[in-house]
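Just below is one structure, and these are the notes that go with it.
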Amino acid sequence: MDNYKKNILITGGAGFIGSHVVRLFVNKYPEYNIVNLDKLTYAGNLANLKDIEDKPNYTFVKADIADLDEMRRIVRGHAIDGIIHLAAESHVDRSIKDPFTFARTNVMGTLALLQAAKEYWDTLPDKYEGKLFYHISTDEVYGALELTHPEGVESPFTTVASSAEHHHAFGTEFFLETTKYQPHSPYSASKASSDHFVRAYHDTYGMPTLVTNCSNNYGPYQFPEKLIPLFINNIRHGKPLPVYGKGENVRDWLFVEDHARAIDLIFHKGKVADTYNIGGFNEWKNIDLIKVIIRTVDRLLGNPEGHSEKLITYVTDRAGHDLRYAIDSRKLQRELGWEPSLQFEEGIEKTVRWYLEHQDWMDHITSGAYERYYEEMYSGR
Ligand code: NAD
Ligand code: DAU
């Protein structure tokens, strides 16, 4: 630990986005000691990190972020300099059924981690010098935007992610870093609360903190309760595709490795106490996105075009379903020069291929305890 330039704690590293961040940091920074802290809930899967688990600069610690004494021991024991905090309960549908778990992990867990970092850093001679608590948050804290153009109009913004073929905006407003917080779901309320605690530790104690709010991620290793991996897997098995409501809700999709690159850049170059929005200016109406997924899976499986469209099943809408998310990430582009690297069609193709080629990964998850939970959660859909 002493030979390394920095000891970095990444929480939630066995989850979807966390595993991409851990992989990037372990491979790119052999001079950093990376400690991955994860409780291994249903969403945490060490198989996501098989390729880097034996690297000398990587350590895994199984722990619950809401356990303050444990957080104190870990932060001090590993002499942590920087924290990238991703551990959270992340699925909106689960938060509707079980809000308390979300408050416990996302609010109390974040608070315990902040407090443990503060107490340890306060004992050091140079205190907060070279230290950073970087909190990963979501665009959902901003609430929902209006759908003023249900058919979509030409987007005022261009990026690599939103391809020429699909360069749409479904409204005139976008979430900015200054947009007022207006969370609707228990998930987004818990994330908003955790964001406030992170900023409070800066404003009250002078702790170096940073918050980023990102749009919907997609890519390999995403738990198959989320739209894209769930639908890819269901198409493969000829199972119904449960579209909430009319499928008109809009999300702004970003390839997960582009989010991980943004996190790397912001961790190293971001302004302390600042906030950056991360997104691809890549809005899709759910039903249009679902049709792209169906086309791609059918093509790769050798099915005739349109073969799996019959699986589309409209079901009861999600309670309080936010209509539209659209991130304005120009601040990050302007100040730190980040932009997405991958066009959406390319990203989706890569993603579908990955899931089809990693059926063992999917089967492992969709069996046993999770399968029982899943059946219960989605019965009647
Ligand atoms: P995920 O559900 O795939 O992974 C979460 C990880 O946190 C899992 O490995 C889980 O085991 C771990 N965890 C949960 N509770 C814990 C606890 N009490 N202690 C320690 N570890 C615990 O989530 P994700 O989609 O990778 O999201 C990661 C972070 O990014 C979350 O904070 C989420 O709010 C945020 N985010 C996600 C998206 C997205 O599209 N997925 C977009 C923006 C922001
Ligand atoms: O915007 C960022 C957020 O994106 C993250 O903070 C969350 O952690 C992440 O889960 C994601 O939230 P969403 O609720 O947008 O993602 P999800 O994949 O659950 O749903 C995407 C859209 O698809 C949403 O409008 C609901 C709809 N949907 C979802 C599922 C699972 C369906 O129509 N059917 C489904 O079965």
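The values are calculated or read from the model by the stated rules, or taken from the named source; none is laboratory data. Quantities reported herein were computed from a predicted structural model and do not represent experimental measurements. When we count neighbours, we look across all protein chains shown, and the Cβ atoms used for this are built from the backbone with ideal geometry, even at glycine. Please note that ligands, DNA and RNA were not included when accessible areas were found on the heavy atoms of the full protein model with its side chains. Shrake-Rupley method; radii C 1.70, N 1.55, O 1.52, S 1.80 Å.
Only one entry in Glu119, Glu154, Glu140, Glu129 is more than 25 Å from Leu289 (Cα to Cα) and in contact (Cβ under 8 Å) with a residue 12 or more places away in the chain, namely Glu119.
Apart from one condition, Glu154 fits all of (1) open to solvent by 50 Å² or more (accessible area, probe 1.4 Å); (2) under 30 Å from Pro224 (Cβ atoms); (3) at pLDDT below 95; the exception is (2).
Looking only at the range 67-91, residues that are surrounded by fewer than 22 Cβ atoms within 10 Å (Cβ to Cβ) and either within 16 Å of ligand 2 (Cβ to nearest atom) or free of Cβ contacts under 8 Å to residues at least 60 places away in the same chain (or both) come to 9 in all.
Answer yes or no as to whether Phe60 is open to solvent by 20 Å² or more (accessible area, probe 1.4 Å), more than 15 Å from ligand 2 (Cβ to nearest atom), in contact with a helix residue (DSSP H, G or I) (Cβ under 9 Å, 6 or more places away or on another chain) and at pLDDT below 95. Considered against the rule, which asks whether it is open to solvent by 20 Å² or more (accessible area, probe 1.4 Å), more than 15 Å from ligand 2 (Cβ to nearest atom), in contact with a helix residue (DSSP H, G or I) (Cβ under 9 Å, 6 or more places away or on another chain) and at pLDDT below 95, Phe60 comes out as no. When the range 280-291 is filtered for residues that are touching a Phe, Trp or Tyr at 6+ places or on another chain (Cβ under 8 Å) and of a type outside the set (Asp, Glu), the ones remaining, listed by number, are Gly280, Phe281, Asn282, Trp284, Lys285, Asn286, Leu289, Ile290. On the stretch given as the range 205-222, residues that are more than 9 Å from ligand 2 (Cβ to nearest atom) and more than 15 Å from Ser329 (Cα to Cα) total 9. Here Lys291 clears all of (1) among the basic types (Lys, Arg); (2) part of a helix (DSSP H, G or I); (3) under 13 Å from Ala161 (Cβ atoms) except the condition numbered (3).
Scanning the range 181-192 for residues that are farther than 13 Å from Asn213 by Cα and either open to solvent by 60 Å² or more (accessible area, probe 1.4 Å) or of a type in the set (Ser, Thr, Tyr) (or both) turns up Gln182, His184, Ser185, Tyr187, Ser190. The single condition among (1) open to solvent by 10 Å² or more (accessible area, probe 1.4 Å); (2) within 26 Å of Leu227 (Cα to Cα); (3) not β-branched (Val, Ile, Thr) that Ser95 does not satisfy is (1).
Remark: Thr313 falls outside the filter, which requires a residue to be touching a Lys or Arg at 6+ places or on another chain (Cβ under 9 Å), under 30 Å from Ile83 (Cα atoms), open to solvent by 10 Å² or more (accessible area, probe 1.4 Å) and among the hydroxyl-bearing types (Ser, Thr, Tyr). Restricting Val22, Val35 to those that are more than 8 Å from ligand 1 (Cβ to nearest atom), at pLDDT 95 or above, closer than 26 Å to His91 by Cα and outside any strand (DSSP E or B) reduces the list to Val22.
Here's the yes/no breakdown for (1) over 25 Å from Phe175 (Cα atoms); (2) open to solvent by 50 Å² or more (accessible area, probe 1.4 Å); (3) aromatic (Phe, Trp, Tyr); (4) part of a helix (DSSP H, G or I):
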site: Asn234; (1), (2), (3), (4): yes, no, no, yes
site: Ala260; (1), (2), (3), (4): no, no, no, yes
site: Tyr276; (1), (2), (3), (4): no, no, yes, no
site: Trp284; (1), (2), (3), (4): no, no, yes, no
site: Pro340; (1), (2), (3), (4): no, no, no, no
site: Glu349; (1), (2), (3), (4): yes, no, no, yes
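Flag not set for Leu49, criterion: open to solvent by 40 Å² or more (accessible area, probe 1.4 Å) and either in a helix (DSSP H, G or I) or touching a Phe, Trp or Tyr at 6+ places or on another chain (Cβ under 9 Å) (or both). Cβ-Cβ contacts under 9 Å between residues 6 or more apart (or on different chains), taken from a first residue in the range 299-327 that is closer than 15 Å to Ile232 by Cβ and among the β-branched types (Val, Ile, Thr) to a second residue that is more than 9 Å from ligand 2 (Cβ to nearest atom) and open to solvent by 60 Å² or more (accessible area, probe 1.4 Å), are listed as Ile312/Pro240; Ile312/Lys291.
Each residue in the range 191-232 was checked for being in contact with a strand residue (DSSP E or B) (Cβ under 9 Å, 6 or more places away or on another chain) and outside any helix (DSSP H, G or I), and 14 pass. Looking only at residues in the range 258-287 that are in contact with a His (Cβ under 8 Å, 6 or more places away or on another chain) and over 14 Å from Ile327 (Cβ atoms), the one that is nearest to ligand 1 (Cβ to nearest atom) is Ala260.
May I ask you to verify whether Thr41 is within 15 Å of ligand 2 (Cβ to nearest atom), in a helix (DSSP H, G or I) and open to solvent by 30 Å² or more (accessible area, probe 1.4 Å)? So Thr41 fails the test. Give, as residue ranges, the helices (runs of 4 or more DSSP H) completely inside the range 61-176 that count at least 2 residues that are more than 10 Å from ligand 1 (Cβ to nearest atom) and touching a Pro at 6+ places or on another chain (Cβ under 8 Å). Those helices (runs of 4 or more DSSP H) span 92-97.
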